[in-house]
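Read the structure below first, then the notes.
Where a number appears in this text, it was derived from the coordinates with a stated rule and is not lab data. The structure displayed is predicted, hence computed values, not measured ones. Backbone-built Cβ (ideal geometry, glycine too); neighbour counts: all protein chains shown.
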Amino acid sequence: MLSKAHRLTDNKEFQTIYRRGRYNSTALLAVNTLPNRLGITKVGVVVSKKAARKAHDRNAAKRKAREIIRLAFPKIKSGNNIIITLKAPAVTVEYASLEKDLLVALKRLGLINEE
């Protein structure tokens, strides 16, 4: 689990990132990002009721996405706010496919350190 300092929780932050940030999407998810002045990366994961009607399905999908981010966190550039919005197919897809799509979207936005 990401520490509290690395989580987006405020609705105002979400709205600002949606309005002013950069955007990229794949078949399974969409990623919005906006640089912050804190020097740390903050992440939020969203799954709408349209994507999954049952709360336990939404929560399971969010847990998968958060675990992918947690493992990739050392490779992600510091100083960004990131929102990951999972689409309906992401709820039923396997972990490996979701991981591949998420890392592709982050690379497209230039958020992964190339080493």
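Working only within the stretch 89-115, note down all residues that are under 24 Å from THR16 (Cα atoms) and of a type in the set (A, V, I, L, M).
Pass one, the stretch 89-115, residues under 24 Å from THR16 (Cα atoms): 102-112.
Answer for the stretch 89-115, where residues must be under 24 Å from THR16 (Cα atoms) and of a type in the set (A, V, I, L, M): LEU102, LEU103, VAL104, ALA105, LEU106, LEU109, LEU111, ILE112.
Residue check: is ALA72 over 13 Å from ARG7 (Cα atoms) and part of a helix (DSSP H, G or I)? Give the derivation first.
Working: over 13 Å from ARG7 (Cα atoms): yes; part of a helix (DSSP H, G or I): yes.
So ALA72 passes the test.
Within the stretch 90-115, count every residue that is more than 17 Å from VAL31 (Cα to Cα), assigned to a helix (DSSP H, G or I) and not aliphatic (A, V, I, L, M).
Residues flagged as more than 17 Å from VAL31 (Cα to Cα), assigned to a helix (DSSP H, G or I) and not aliphatic (A, V, I, L, M) within the stretch 90-115 amount to 2.
Which condition breaks for LEU71 when tested against (1) under 20 Å from GLU114 (Cα atoms); (2) of a type in the set (A, V, I, L, M, F, W, C); (3) in contact with a Leu (Cβ under 8 Å, 6 or more places away or on another chain)?
(3)
Under the condition of being in contact (Cβ under 8 Å) with a residue 60 or more places away in the chain and under 13 Å from the mean Cα position of the chain (by Cα), which residue from the stretch 101-111 is nearest to LEU38 (Cα to Cα)?
Taking the candidates together, the pick is LEU111.
Considering only residues that are over 13 Å from the mean Cα position of the chain (by Cα) and among the basic types (Lys, Arg), which ones fall in the stretch 23-53?
Residues satisfying the conditions are ARG37, LYS49, LYS50, ARG53.
Restricted to the stretch 15-33, and to residues that are of a type in the set (A, V, I, L, M, F, W, C) and surrounded by 17 or more Cβ atoms within 10 Å (Cβ to Cβ), which residue is farthest from ILE82 (Cα to Cα)? Steps first, answer last, please.
Our first condition is that a residue be of a type in the set (A, V, I, L, M, F, W, C); within the stretch 15-33, this holds for 17, 27-31.
Next, from what is left, pick out any that are surrounded by 17 or more Cβ atoms within 10 Å (Cβ to Cβ): 17, 28-29, 31.
Details: ILE17: 8, LEU28: 16, LEU29: 13, VAL31: 7 Å.
Per the criteria, the residue is LEU28.
Take the residues in the stretch 59-85 that are farther than 18 Å from GLU13 by Cα, among the aliphatic types (A, V, I, L, M) and under 8 Å from the mean Cα position of the chain (by Cα); name whichever of them is surrounded by the fewest Cβ atoms within 10 Å (Cβ to Cβ).
To start, the set of residues in the stretch 59-85 that are farther than 18 Å from GLU13 by Cα comprises 59-77.
Now drop any that are not among the aliphatic types (A, V, I, L, M), which leaves 60-61, 65, 68-69, 71-72, 76.
If we keep only those that are under 8 Å from the mean Cα position of the chain (by Cα) as well, we get 65, 69.
Values: ALA65: 23, ILE69: 21.
That would be ILE69.
Based on this model, can you work out whether ALA30 counts as touching a strand residue (DSSP E or B) at 6+ places or on another chain (Cβ under 6 Å), touching a residue at least 40 places away in the same chain (Cβ under 8 Å), more than 18 Å from ILE17 (Cα to Cα) and among the small types (Gly, Ala, Ser)?
No: the conditions fail for ALA30.
Looking at the stretch 88-100, which of the residues that are touching a residue at least 12 places away in the same chain (Cβ under 8 Å) and out of contact with any strand residue (DSSP E or B) (no Cβ under 6 Å at 6 or more places or on another chain) is surrounded by the most Cβ atoms within 10 Å (Cβ to Cβ)?
It comes out as LEU98.
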